[in-house]
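Structure, as structure tokens:
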Amino acid sequence: MRTLLINASPRGSRSNSLKLAEAFVRGLGEVELERVDLCDLRIEPCRGCFACWKATPGTCCIRDDMARVIELERAADLVVLSFPLYYFNVPGPLKTMIDRQLPTSLPFMADDSAATGSGAHPLRYPEMARTRYVAISTCGFYTAENNYDAVARALDHWPGAGVWDAIFCGQGELFSVPELSSRTDAYLALVERAGAEYAAGGISEGVRAALAEPLFVRETFERMADASWGVDERGECEDEAVSFTRQMAALYDPSTWDGHDRVLEMRYRDRGVRCQVVLGREGSRVLTEGFVEPTTIVDTPWDVWCAIARGEMRGDEALGRRLYTVEGDFGLMMSWDSVFGAAGVGGADAADAPVGEAAPAPGSGAGLRPPSMATMLVAWIVLWVAVGVDAAVGPVVSLAVCALLPLAMARHELCLYDRISLGVVGALSVAMVVSGATGLLYVASYAAFGLLWLGSVPTREPLCAAYVKYGYGGEDALANPIFMRANRILAAAWGVLYLLIALWTALLGDAFAGWVLPVANNVATALMGALTVWFEHRYPAWVASGKGLRALFWG
């Protein structure tokens, strides 16, 4: 399919509408593409002399680039018109190009009442009757609805009713904001899908409805748009860091309010700018004076925060490298994605957050839930409890549980550590039954469990990380240095604990025969569990604060 892409934006290659048009063309598949940028061509206004009808039929008397454009139109099967909305109509370069279409028509009157309700002129070139047109345009309002009436009516006259289709999109300026790329990229993917459907016969109603959805709800968009001008309520210029913070505040989702107002204080240390975002039940507001007590303080260089917001740098990685610090309630950072998730966003993810906790990711298997640590723990716990109760029957019970666990956890994906645990516990159970050396193998089981934890520390995915990563972005969490460091420390701590349990079970087992030893082992693991919960809560906040070791324990 020979396709002509006409970029009619005065911005040229920087056009937001062009981003949509290029996505649409990608969706078309393999096409013979020609592109023209009207702002780079010399196309003079029509003189209204009608020489192209009388003196030189089919040829304009003006010698400029318009002749080449008409030649490309005549050869095209599809013409994609890409343009922004200017004062509720097409921009000047495109209007001039349309005015210069006169040589493509014959001067005779034709009836077009079925389509436009008025007269028309027949085409001079029969091959242009097969050409189809798609108009792709963005505007600066929150929606395209009711803003393209004049454009649609004009297109019904040229190129003609029934031969053109359109994608009209509001909030067009957002496509040039890197910080919002996750939302705009999702929309561009939808436009690309529309291109594929058009090539296959027509854009579906479902895709059309999705394309008509605003990128952000009206209030959110208009707050961001107002803040983007970089002036305060009095119309005076303000620091771009303040303007950026106002736009960030516009993305606040009030449904995340937990009953207590939160005050995020942004300190852009290299610019000497300080401002606060108050997050309440009704919405957010930005303070540049009259500050209140902050609950979370982010101290950052301006360029670092911008790089994070644009997706050029991982926020968690920057935090791990101490490029910025966080004090106070670190929970806000962990729930950043939801807090600044822009309530009512039309079907796409919110902008990337500096330190966000993503929604739980599914397991890699089709329809499976993420791995559950219960699968691994049940196998080991049943071995220790059952053998502790009855040295003869316990191994048989343990072996049966290992066989049944995969069935019981069939809805969950089995990770590497699940498989290792089931294999090792099953092998130990069989060895106990065959050899009768239950006591020795019982001690060895604790040592094996400890070595499993310790052996995972230097790997790409420490044991605990394999299970909890799904609450922190899935595979992305493995690139988070704070997450990985915390999980390596915890894996090492649990590994050492179980080696110690194996040691004192071997040395003191006879002295504490009966119920004392199991109780002691359970108390030790319970204390380590409590320590783990404390560490998970304190460690990220301590790293984020950039303070000394003392702060880990006393804040």
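With R₀ set to 30 Å, the beta-carbon distance separating Arg485 from Leu287 gives a calculated FRET efficiency near 0.30.
Between the listed residues Ser421, Leu28, Ala465, the Cα displaced farthest toward the positive end of the dipole of the chain, a dipole computed from Cβ unit charges relative to the Cα centre, is found at Ser421.
Site pair Ala530 and Ala209 shows an inter-label distance of 5.5 nm when each label is modelled 7 Å from Cα along Cα→Cβ.
Rounded, prolate or oblate for the stretch 2-215? Axes are the square roots of the Cα gyration tensor eigenvalues, ordered a ≥ b ≥ c, and the cut-off for rounded is a/c under 1.5. Here the stretch 2-215 falls in the prolate category. The simple spin-label model puts a point 7 Å past each Cα toward its Cβ; for Ala154 and Ala189 those points are separated by 3.4 nm. Bridges between two residues of the stretch 2-215, per DSSP, are antiparallel at a rate of about 15%. What shape does the chain have by the C-alpha gyration tensor, where a ≥ b ≥ c are the square roots of the eigenvalues, rounded means a/c under 1.5, and otherwise prolate means a/b greater than b/c and oblate the rest? It comes out prolate by the Cα gyration axes. Taking a spot 7 Å from the Cα of Lys54 along the direction of its beta carbon, which residues of the stretch 80-113 have an amide N less than 20 Å from it? So the set is 100-110. Only DSSP H runs of four or more residues enter the estimate; each adds -39500 (n - 2.57), and after division by the residues of the chain the mean residue ellipticity at 222 nm equals -14000 deg cm²/dmol.
Full extension of the chain between Ala520 and Ser118 yields a length gain of 135.3 nm, computed as 0.36 nm times the residue separation minus the alpha carbon distance. Exposed loop sites here are chymotrypsin sites (Phe, Trp or Tyr not before Pro) in DSSP loop states with at most 13 other C-beta atoms within 10 Å. What is the longest stretch of the chain lacking them? The answer is 292-514.
Between Val430 and Leu368, full extension at 0.36 nm per residue minus the direct alpha carbon distance yields a gain of 19.3 nm. Scanning the chain for GluC sites (Glu not before Pro) that sit in a DSSP loop and have at most 14 other Cβ atoms within 10 Å, the longest stretch containing none of them is 313-555.
The charge dipole of the stretch 387-554, taken about its Cα centre with unit charges on the Cβ of Lys, Arg, Asp and Glu (plus for the first two, minus for the last two), comes to roughly 520 debye. Of the beta bridges DSSP finds with both residues in the chain, what % are antiparallel, to the nearest 5? Counting DSSP beta bridges with both partners in the chain, the antiparallel share is about 40 percent. Label positions at Cys237 and His537, each projected 7 Å from the Cα along the C-beta direction, are separated by 4.8 nm. One Cα centroid belongs to the stretch 144-176, the other to the stretch 442-480; the line between them spans 55 Å. Name the shape class, rounded, prolate or oblate, that the alpha-carbon gyration tensor gives for the stretch 387-554, where a ≥ b ≥ c are the square roots of its eigenvalues, rounded holds for a/c under 1.5, and otherwise prolate holds if a/b is larger than b/c and oblate otherwise. It is oblate, given that a/c is not under 1.5 and a/b is not larger than b/c. Which residue, Ala403, Leu18, His157, has the largest displacement toward the positive end of the dipole of the chain when charges sit on each Cβ (Lys, Arg +1; Asp, Glu -1)? About the Cα centre, the residue reaching furthest to the positive side is Ala403. One Cα centroid belongs to the stretch 1-32, the other to the stretch 254-272; the line between them spans 41 Å. Projecting the Cα atoms of Phe221, Ser338, Val231 onto the dipole axis of the stretch 219-339, where Lys and Arg carry +1 and Asp and Glu carry -1 at the beta carbon, places Ser338 farthest toward the positive end.
Taking the Cα centre of the chain as origin and assigning +1 to Lys and Arg Cβ atoms and -1 to Asp and Glu Cβ atoms, the resulting dipole is close to 860 debye.
Bear in mind that the values in this text are calculations on the coordinates, not laboratory data. All values derive from a computational prediction rather than experimental measurement. Heads up, the Cβs are rebuilt from the backbone with ideal geometry, glycines too, and the neighbour counts pull from every protein chain shown.
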